[in-house]
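The values are calculated or read from the model by the stated rules, or taken from the named source; none is laboratory data. Remember, predicted model here, so these are calculated numbers, not experimental data. Neighbour counts are summed over all protein chains in view; Cβ atoms, including those assigned to glycine, are modelled from backbone coordinates with ideal geometry. These accessible areas exclude ligands, DNA and RNA; they are computed on the full protein's heavy atoms, side chains included. Shrake-Rupley method; radii C 1.70, N 1.55, O 1.52, S 1.80 Å.
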Amino acid sequence: MDADEVVALTSALVAVDTRNPPGNERAIAGVCRDALAPYRAAITEVEPAPGRLSLIAAVPHPGGEAPRPTLIVNGHLDVVPVDAAGWEHDPFRPVLERGRLFGRGTADMKGGIAAAIAALGTLKRAGREPACNVVFHLVADEERGGALGTQVLSERGLVTGDACLVPEPTSLRVCVAERGLLVADVTVHGRPGHGSSPRDGVSAIEHAAAVVLAIHAADFGDTPHPLLGHPTANVGEIEGGSGHNTVAERCRLVIDRRLLPGATRDSAVARLRTQIDAAGVPSLRYDLDVKVFGEASELVADHPFVLQVRRAVAAVTGEEPPVIGMSFTTDARFVRNQSGIPAVVCGPGDIEQAHVNDEWVAVDRLVDATAAYAELFASFGVGG
Ligand SMILES: [Zn+2]
């Protein structure tokens, strides 16, 4: 198969700066529309905030009337910011070097979107057709939690279909489960006193230190998940005190909890409080403020759609791709949990290349992904 089309489309998408923050997916709408025009896609725009655009592009099955299954392809158009000083390449002027295409979003995940669109061209040139309706959800705001993108689509009842492919970077492995995330600020309160007699006050720093030891890398006692392992807690930031000569009145911790399927916002907060209380600090006073919450999600590994995606990848690479879990969240969680649609994450990028300087995607992988998606479109729903 020819690499030119998928490389050109990835490059065109990467050349539009869609950094989030601030986020401006409106800027890339034209490139998406042009790419989908040959397939007669019916396009709906959803723009819940100025410039924060998601496109729903329904590519009709050419066979016409008979009802067909619908396969959603969900890909985010936004990318994470760049620290240009750390790049050797221009992040928004993609270049091809020794089989690697460099640029922000090549791996995460404009390359995956390009491969899924290019797959339609692959089928067309081969005189083949998708067996299903293919509906692209090219969405805003995934990198900041998805509230202005897939979450909006889901809340408005626009996420409907029989299955969903999310071409986020997995090196074409098949991801069916993601851990959830709780970010909490814990502010520990003390009572100030003179630094020359530390026992006259109550040190928020001393108490916070005990809390850190009780939480960081703690075993929360859960049964490990076969694909996601254990839930974790990382104390990622600490800040407190007002000077060497004062017993600290306040100390703030920022805690990153990664959660297993089943944990809700309330249960995750309750577990964290239990663990903090287990630090055994008498008269501990603290406030807990949830900054971010996204629940875990999973699809059973032997779901028929998982098997179909694996078969499509294997038909191209000659190897059965492994089924994996990921330690972070993607928009697949809205599709799985809020819209109740089976979703699989499988894309050409390498997760090691996501969010790094001089991000790249391997052209061979883009080509394989394009061919694998073509196989999936041609077989989805056929034979159950
Ligand atoms: Zn991504």
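By DSSP, what percent of the beta bridges with both residues in the chain are antiparallel, rounded to the nearest 5?
Numbers: 50 of 68 bridges.
If we restrict to bridges inside the chain, about 75 percent are antiparallel.
Report the local net charge at A233: Lys and Arg +1, Asp and Glu -1, summed over other residues whose C-beta lies under 9 Å from its C-beta.
On the way: positive: R257, R258; negative: D256.
The answer is +1.
Would you mind computing the Rg to Rh ratio of segment 103-173 from its alpha-carbon coordinates, Kirkwood style for Rh? Kindly include the intermediate steps, with their values, before the conclusion.
Values: Rg = 13.9 Å, Rh = 13.9 Å.
Here Rg/Rh amounts to 1.00.
Between segment 194-211 and segment 128-158, how far is it from one alpha carbon centroid to the other, in angstrom?
For segment 194-211 versus segment 128-158, the Cα centre distance is 50 Å.
Tell me the net charge near E375. Cut-off is 15 Å between Cβ atoms, E375 excluded, with +1 for each Lys or Arg and -1 for each Asp or Glu. Intermediate results must be reported in sequence, preceding the final value.
Values: positive: K124, R125, R128, R310, R311; negative: E129, E319, E320, D368.
Once all neighbours under 15 Å are counted, the net charge is +1.
Over segment 284-384, average the accessible area per residue using a 1.4 Å probe and give it in Å², no decimals.
Details: 4110 Å² over 101 residues.
Here the residues of segment 284-384 average 41 Å² of exposed surface.
Roughly how tilted is helix 304-317, in degrees to the nearest 10 and between 0 and 90, from the longest Cα axis of the chain?
Helix 304-317 and the main axis of the chain meet at about 70 degrees.
So how do L120, L158 rank on accessible area, 1.4 Å probe, biggest first, that is with the largest at the start? Mind dumping the intermediate values first?
On the way: L120 10, L158 65 Å².
Solvent-accessible surface, decreasing: L158, L120.
Roughly what angle does helix 363-379 make with the longest principal axis of the chain, taking Cα atoms, 0 to 90 degrees, to the nearest 10?
70 degrees
Stokes-Einstein at 37 °C, 0.692 mPa s, Kirkwood radius from Cα pairs: D for the chain in µm² s⁻¹?
My calculation gives 147 µm²/s for D.
Roughly how big is segment 1-97's charge dipole about its Cα centre, with Cβ charges of +1 (Lys, Arg) and -1 (Asp, Glu), in debye to the nearest 20?
Details: 7 positive and 14 negative charges, 90 e Å.
Computed charge dipole of segment 1-97: roughly 440 debye.
Could you tell me what percent of the accessible area of segment 11-107 is made up of carbon and sulfur, with a 1.4 Å probe and every protein chain present? Please report the intermediate quantities before stating the final value.
Numbers: 2220 of 4300 Å².
The C+S portion of the solvent-accessible surface of segment 11-107 is 52 percent.
Could you do me a favour and compute the accessible area per residue for segment 6-93, 1.4 Å probe, result in Å²? Show your work: numbers first, answer last.
Details: 3760 Å² over 88 residues.
Accessible surface, normalised per residue, equals 43 Å².
E359 accessible area, nearest 10 Å², 1.4 Å probe?
Using a 1.4 Å probe on the heavy atoms, I get roughly 0 Å².
Looking at segment 68-211, what % of its DSSP beta bridges pair antiparallel, to the nearest 5? List each step's numbers first, then the result.
Numbers: 4 of 14 bridges.
Antiparallel bridges make up about 30 percent of those DSSP assigns within segment 68-211.
In Å and from the alpha-carbon atoms only, list the Rg and Dmax of segment 207-263.
That works out to 15.0, 50 Å for Rg and Dmax.
Roughly speaking, to the nearest percent, how much of segment 175-264's 1.4 Å accessible area is carbon and sulfur? Show your work: numbers first, answer last.
Numbers: 2260 of 4260 Å².
On segment 175-264, the fraction of accessible area on carbon and sulfur atoms equals 53 percent.
Positive end of the charge dipole of the chain (Lys, Arg +1 and Asp, Glu -1 on Cβ, about the Cα centre): tell me which of G201, Q275, W360 has its Cα farthest that way.
Among G201, Q275, W360, the one farthest towards the positive end of the dipole of the chain is Q275.
Kindly express, to the nearest 10 degrees and within the range 0 to 90, the angle between helix 4-14's C-alpha long axis and the longest C-alpha principal axis of the chain.
Approximately 40 degrees, to the nearest ten.
Heads up, I need the accessible area for K291: 1.4 angstrom probe, whole protein in place, Å², nearest 10.
Roughly 120 Å² of K291 is accessible to a 1.4 Å probe.
Using only helices, what value at 222 nm comes out for the chain when you add -39,500 (n - 2.57) per DSSP H run of length 4 or more and divide by the total residues, to the nearest 500 deg cm²/dmol? Could you put the intermediate results ahead of the total?
Working: 8 runs with 96 residues, N = 384.
The helix-only estimate for the chain comes to -8000 deg cm²/dmol at 222 nm.
Counting pairs of alpha carbon atoms under 8 Å apart in space and at least six apart in sequence, what relative contact order in percent does the chain give?
Relative contact order comes out at 25 percent.
Give, to the nearest whole percent, the P(r) tail of segment 119-244 beyond 18 angstrom, counting all Cα pairs. Walk me through the intermediate numbers first.
Values: 5861 of 7875 pairs.
In whole percent, the share of Cα-Cα pairs in segment 119-244 beyond 18 Å is 74.
Taking N as the number of residues in segment 20-131, what is its Cα Rg relative to 2.2 N^0.38 Å?
Numbers: Rg = 16.4 Å, N = 112, 2.2 N^0.38 = 13.2 Å.
Computed over Cα atoms of segment 20-131, the ratio equals 1.24.
Report the Cα centroid-to-centroid distance between segment 293-353 and segment 1-64 in angstrom, as an integer.
22 Å
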